[in-house]
Amino acid sequence: MTTANWDKVFKASEKVEHEKVTFQNNYGIEIVADLYKPLNAENQLPALAVSGPFGAVKEQSSGLYAQTMAERGYLTIAFDPSFTGESSGSPRRVASPDINTEDFLAAVDYLGGRDDVNADQIGVIGICGWGGMALNAAAADPRIKATLSSTMYDMSRIAGNGYFDEQDSAEERNKQRQQLAEQRTKEYAQGSFERAGGVPEEVPSDAPEFLKGYHAYYKTPRGFHERSGNSTDGWNVTGTQAFANTRFMHYIDEIENAVLILHGDQAHSLYFGKDTYKKLGQGINPANKKLQIVEGANHTDLYDGGDSNFIPWNDIEQFFNENLSK
């Protein structure tokens, strides 16, 4: 059973029920989510909260993950982060390391309060930039019994250090701070925010492969959605400023519960996954931490499977079955 107007970039499943739900986070922002539940489910179910990629909406990759895991027996929600998509929050198209981590915690609140969910069997899935925020949430909240971080970015690291840490210097960070300061002054004076732009409409042949991958997902029927910042005009220019002065991975070595880091071996972002797994392995409970590398997959192949069904759904199901049944 689905809502009357299906607006996702993936096909609706006949194996699940779907409905729109809302809940508030602790900042008073209303979060809008798509809920997926196995057809004819009885008794309490394990549950998963899903979000990402960074700048995407729930009708894209996170919804696919949520629907697929519902087909496999989970009650799931894919939610729009604060200030984006159908969720509330003003101004639009801003992101916050704190508030967006809270979005995950509020999703756990919501799931744990449902009569059809086993509150001791809740996990989270974060995709791309939300992979890092899922880990930040898991470090903060032991109710999250298992975390999948798929094709992850650490947005705090990339905001402060640039891609591949190529701008990891005080000089580069101060240059960026000055630019953002001037932008804030300009926007305050004009009384409106400017957008940074999403994925470009056209990508030259000599563009980096990861940019071509983003274009192939966000700017084509494969993944385009009108509410997605990545598909349209992006974040506010100053909308992600706070990430540069934040570090998500500081306490992840204290996560007691299970974590699976999933990454393609062709992904430009693989270094995030490897470094994150290394820190998890040095933590207080390395036995239930795993890094799984998908051969041949690039970054966006793990958004929707790409052209070769790269997402290892059986392995993901096994991970959550093992770690949410304890």
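The values are calculated or read from the model by the stated rules, or taken from the named source; none is laboratory data. Keep in mind that this is a model prediction, so the values were computed, not measured. Because the Cβ atoms are built from the backbone with ideal geometry, glycine has one as well, and the counts that use them run over all protein chains shown.
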Would you please name the residue that is farthest from the chain's Cα centre (by Cα), looking only at residues in region 136-149 that are of a type outside the set (D, E, K, R) and within 17 Å of L324 (Cβ to Cβ)?
P142
Check region 48-69 and report whether any residue there is more than 30 Å from P200 (Cα to Cα) and surrounded by fewer than 24 Cβ atoms within 10 Å (Cβ to Cβ).
no
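Within region 305-317, can you find the residues that are farther than 21 Å from G73 by Cβ and not polar (S, T, N, Q)? I'd like the intermediate steps shown before the answer.
If we filter region 305-317 for residues that are farther than 21 Å from G73 by Cβ, which is where we start, we get 306-308, 310.
Across region 305-317, the qualifying residues are G306, D307, F310.
Looking only at region 185-208, count every residue that is loosely packed, with under 12 Cβ neighbours inside 10 Å and assigned to a helix (DSSP H, G or I) and tell me the total. Walk me through it before giving the result.
Taking region 185-208 as the starting set, the residues that turn out to be loosely packed, with under 12 Cβ neighbours inside 10 Å are 185, 188-192, 201-202, 204-206, 208.
Next cut, assigned to a helix (DSSP H, G or I) only: 185, 188-190.
So the count comes out to 4.
Determine if region 119-126 includes at least one residue that is at pLDDT 95 or above, more than 15 Å from V237 (Cα to Cα) and surrounded by fewer than 19 Cβ atoms within 10 Å (Cβ to Cβ). Spell out how you get there, then give the answer.
Of all residues in region 119-126, those at pLDDT 95 or above come to 119-126.
Next, only the ones that are more than 15 Å from V237 (Cα to Cα) stay: 119-126.
Adding the requirement that they be surrounded by fewer than 19 Cβ atoms within 10 Å (Cβ to Cβ) leaves 119-120.
Yes, that holds for at least one residue.
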Considering only residues that are of a type in the set (V, I, T) and within 21 Å of R247 (Cα to Cα), look in region 261-299 and name the one that is nearest to the chain's Cα centre (by Cα).
I261
Of the residues that make up region 284-302, is at least one out of contact with any Asp or Glu (no Cβ under 9 Å at 6 or more places or on another chain), among the aliphatic types (A, V, I, L, M) and surrounded by fewer than 23 Cβ atoms within 10 Å (Cβ to Cβ)?
yes
Pairs needed: first member in region 107-122, more than 15 Å from T147 (Cα to Cα); second member anywhere, of a type in the set (K, R) and part of a strand (DSSP E or B); C-beta distance under 9 Å; at least 6 residues apart or different chains.
D116/K37
Flag if L180 is surrounded by fewer than 17 Cβ atoms within 10 Å (Cβ to Cβ) and either part of a loop (DSSP other than H, G, I, E, B) or in contact with a Pro (Cβ under 9 Å, 6 or more places away or on another chain) (or both):
no
Output for region 147-164, where each listed residue is in a helix (DSSP H, G or I), in contact (Cβ under 8 Å) with a residue 40 or more places away in the chain and in contact with a Lys or Arg (Cβ under 9 Å, 6 or more places away or on another chain)
S156, R157, G160
Against the condition in contact (Cβ under 8 Å) with a residue 60 or more places away in the chain, farther than 25 Å from Y214 by Cβ and not aliphatic (A, V, I, L, M), how does N25 come out, does it pass?
yes
Among the residues that make up region 279-295, is at least one of them out of contact with any helix residue (DSSP H, G or I) (no Cβ under 6 Å at 6 or more places or on another chain), of a type outside the set (A, V, I, L, M), in contact (Cβ under 8 Å) with a residue 12 or more places away in the chain and closer than 20 Å to A159 by Cα?
no
Answer yes or no as to whether D7 is charged (D, E, K, R), touching a Gly at 6+ places or on another chain (Cβ under 7 Å), modelled with pLDDT of 95 or more and within 30 Å of G234 (Cβ to Cβ).
no
H225: passes all of (1) under 24 Å from F210 (Cα atoms); (2) over 18 Å from the mean Cα position of the chain (by Cα); (3) crowded, with 20+ Cβ neighbours inside 10 Å but (2)
Given (1) in contact with a strand residue (DSSP E or B) (Cβ under 8 Å, 6 or more places away or on another chain); (2) not basic (K, R); (3) not in a loop (DSSP other than H, G, I, E, B), number of the condition L211 does not satisfy:
(1)
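So, T232, is that one out of contact with any Lys or Arg (no Cβ under 6 Å at 6 or more places or on another chain) and assigned to a loop (DSSP other than H, G, I, E, B) or not? Walk me through it before giving the result.
Values: out of contact with any Lys or Arg (no Cβ under 6 Å at 6 or more places or on another chain): yes; assigned to a loop (DSSP other than H, G, I, E, B): yes.
Considered against the rule, which asks whether it is out of contact with any Lys or Arg (no Cβ under 6 Å at 6 or more places or on another chain) and assigned to a loop (DSSP other than H, G, I, E, B), T232 comes out as yes.
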Any chance you could count how many residues in region 42-80 are at pLDDT 95 or above and assigned to a loop (DSSP other than H, G, I, E, B)?
14
Within region 300-314, which residues are assigned to a helix (DSSP H, G or I), touching a strand residue (DSSP E or B) at 6+ places or on another chain (Cβ under 9 Å) and either more than 21 Å from V57 (Cα to Cα) or not aliphatic (A, V, I, L, M) (or both)?
D301, Y303
